[in-house]
Amino acid sequence: APIDRGRFSNKTVFIMAAIGSAVGLGNIWRFPYVAYEGGGGAFILPYLVALLVAGIPLLLLDYAIGHSQRGSAPLSFRRISRRLEWIGWWQVAICVVISVYYAAILAWAIQYTGFSFTQAWGDDPETFLFQDFLQAGEPGVTLEFVPAVLIPMVVLWAVTIVIMALGVQKGVGATSVIFIPVLLIAFGALVVQALSLPGALEGLQTLFQPDWAALAQPAVWASAFGQIFFSLSVGFGIMITYASYVGRKIDMTGSGFVVGFANSGFELLCGIGVFSALGFLAQASGLGVADVVADGIGLAFVAFPAIISQAPLGALLGVLFFVSLVLAGFTSLVSILEVVISAVRDKLELGRVQATLVVTVPLAIISILLFSTTSGVYVLDIADYFINRFGILLAALVAMVAVAWGVRKVPWFAEHMSRYGSIRLGGWWKALVMVVTPIALVIMLVQETITAITVPYEGYPAWMLGLFGWGVAGAAIVAGVLLSFTRWKATTPMEAPEAD
Ligand code: PHE
Ligand code: NA
């Protein structure tokens with residue numbers, strides 16, 4: 001008989017899990033910088049347009065696919081049409097790639113939580129990060145392990161495996177139900193502390209100062225759409241998988257709006273916290289805020305250590321910041337792994353624990369081998385850049401066009417979602433997901449492709465960009481296609497079951 005796939009016990013658990021996936025490193029270390037670069041206060045306009053015109057509509061499409069087909073990404077796509085199954089496997093492959101490096105960043109954040117007390121970075125956090133902590137050599141590949149990264153990675157993967165083995169409700173759901181409120185408290189406390197630092201107001205002024213001229217630049221609009229897609233975790237199978245665990249009569253459309261606005265609300269909070277702290281750093285170093293602005297790894301592991309060293313109660317600020325990173329990132333890691341585990345369960349009809357081990361043990365080994373060595377940081381940087389563009393964005397576009405124009409199922413999905421949804425999906429939604437959002441995605445992808453081809457990312461050697469960038473993104477597609485040709489168990493029904 002087909003397996004018991006597991007389910008979320010109620011709507012709140014589902015919403016928390018979806019918020020847990022959406023709220024991640026992107027909110028904390030990506031949004032503040034993207035908003036600042038994209039016109040500061042004026043960025044609110046493209047950002048809200050992207051959220052309402054593309055982000056939430058696409059989120060609702062993902063929900064519709066998973067909730068109506070009641071399967072993992074590959075099974076859901078297959079139930080829609082056999083010819084679309086490969087898209088689901090492509091999304092699974094993308095999640096495999098992301099999970100292996102996402103875990104490394106979380107391991108760094110775990111270490112830096114401890115470093116907040118000792119200020120191990122001294123007065124040069126940048127040199128400390130690359131030379132002392134990561135022991136990064138020349139760009140290349142080595143097999144020299146770095147114990148300070150290896151140990152937290154092993155611990156992190158061990159904890160992750162236990163949680164994933166606990167299943168949909170007791171593992172995935174319960175983690176978010178606990179972690180998301182704690183995250184809100186921790187980051188809320190960080191915002192309060194950061195706001196009280198000298199220079200905080202200059203920081204906020206720098207972030208919110210509206211540059212209306214930015215709105216005339218297409219690149220600003222593209223970055224708003226890019227941020228929204230990444231931030232909502234749409235288009236790579238996560239929301240399909242989570243929605244497949246939700247009861248038939250649950251209000252999915254209202255939930256989608258709650259998740260979308262909660263994620264954006266948290267992003268705004270992150271902007272305030274991060275720029276208050278950067279304002280303090282600027283003042284303490286006698287520089288302008290623009291001189292200390294950073295994002296990503298540079299923000300979290302270089303700028304924040306400098307802030308922690310100089311701020312009153314710096315250790316507290318550090319713990320709040322790095323714990324927030326770990327909590328936000330962990331619930332996202334869980335969500336990408338669930339995509340893979342769910343697909344493997346559906347495909348092989350394995351038990352929960354068995355499927356968890358089959359998926360996570362090899363991933364843990366690959367992740368640790370690749371990213372606890374001295375070359376890990378470069379591989380990570382390249383894979384992240386490429387898989388976000390030529391993985392997630394491209395897969396989202398292909399899925400959307402296939403569903404909207406290949407099998408023409410959007411009206412059917414609108415009806416499905418409207419049956420128990422508090423917000424009806426009418427002509428507005430169909431027009432957005434069939435026409436407007438695909439066009440926005442095409443424009444962005446063309447721009448990104450031109451950039452990636454003409455400007456070698458961060459000046460890395462061509463062989464590294466080819467292998468870990470184009471190679472990995474391309475391999476995800478090939479893996480998707482190949483997997484779609486393998487056999488399903490005869491007991492797996494190819495029609496979505498009615499009741500649950
Ligand atoms: N939505 C996440 C964020 O904003 C991104 C993400 C989710 C990345 C899940 C990987 C896995 O950070
Ligand atoms: Na997010």
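The values are calculated or read from the model by the stated rules, or taken from the named source; none is laboratory data. Since the model is a prediction, treat every value here as computed from it, not as a measurement. In this analysis, Cβ positions are derived from the backbone assuming ideal geometry, glycine residues included, and neighbour counts consider all displayed protein chains.
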Failed criterion for residue 494 (all others in (1) in contact with a helix residue (DSSP H, G or I) (Cβ under 8 Å, 6 or more places away or on another chain); (2) assigned to a helix (DSSP H, G or I) hold): (2)
Of the residues in region 31-45, how many are without any contact (Cβ under 8 Å) to a residue 40 or more places away in the chain and within 11 Å of ligand 2 (Cβ to nearest atom)? 0
What are the pairs with Cβ atoms under 7 angstrom where one residue, in region 13-30, is farther than 10 Å from residue 180 by Cα and within 11 Å of ligand 2 (Cβ to nearest atom) and the other, located anywhere, is of a type in the set (D, E, K, R) and part of a helix (DSSP H, G or I)? Sequence gap at least six, or different chains. 27/267
Restricting region 109-124 to residues that are small (Gly, Ala, Ser) and outside any helix (DSSP H, G or I), the residue that is surrounded by the most Cβ atoms within 10 Å (Cβ to Cβ): 120
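Restricting to region 64-108, give me the number of residues that are in a loop (DSSP other than H, G, I, E, B), more than 26 Å from residue 383 (Cα to Cα) and among the small types (Gly, Ala, Ser).
Count: 2.
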When residues of region 196-231 are filtered for being away from ligand 1 (no atom under 16 Å from the Cβ) and within 19 Å of residue 449 (Cα to Cα), how many remain? 6
Select, from 286, 260, 273, 256, the only residue that is more than 16 Å from ligand 1 (Cβ to nearest atom) and at pLDDT 95 or above. 286
When region 389-406 is examined, which residues are found to be among the aromatic types (Phe, Trp, Tyr) and within 22 Å of the chain's Cα centre (by Cα)? 390
Could you give me the residue pairs with C-beta distances under 8 Å whose first residue belongs to region 406-420 and is of a type outside the set (A, V, I, L, M), whose second residue is assigned to a helix (DSSP H, G or I) and surrounded by fewer than 19 Cβ atoms within 10 Å (Cβ to Cβ) wherever it lies, and which are 6+ apart or on separate chains? 406/83; 411/430
Considering only helices (runs of 4 or more DSSP H) wholly within region 129-243, the ones with at least 2 residues that are surrounded by fewer than 17 Cβ atoms within 10 Å (Cβ to Cβ) are 147-165, 174-195, 200-208, 218-231
Of (1) part of a helix (DSSP H, G or I); (2) of a type outside the set (Val, Ile, Thr); (3) more than 14 Å from ligand 2 (Cβ to nearest atom), residue 263 satisfies all except one. Which? (3)
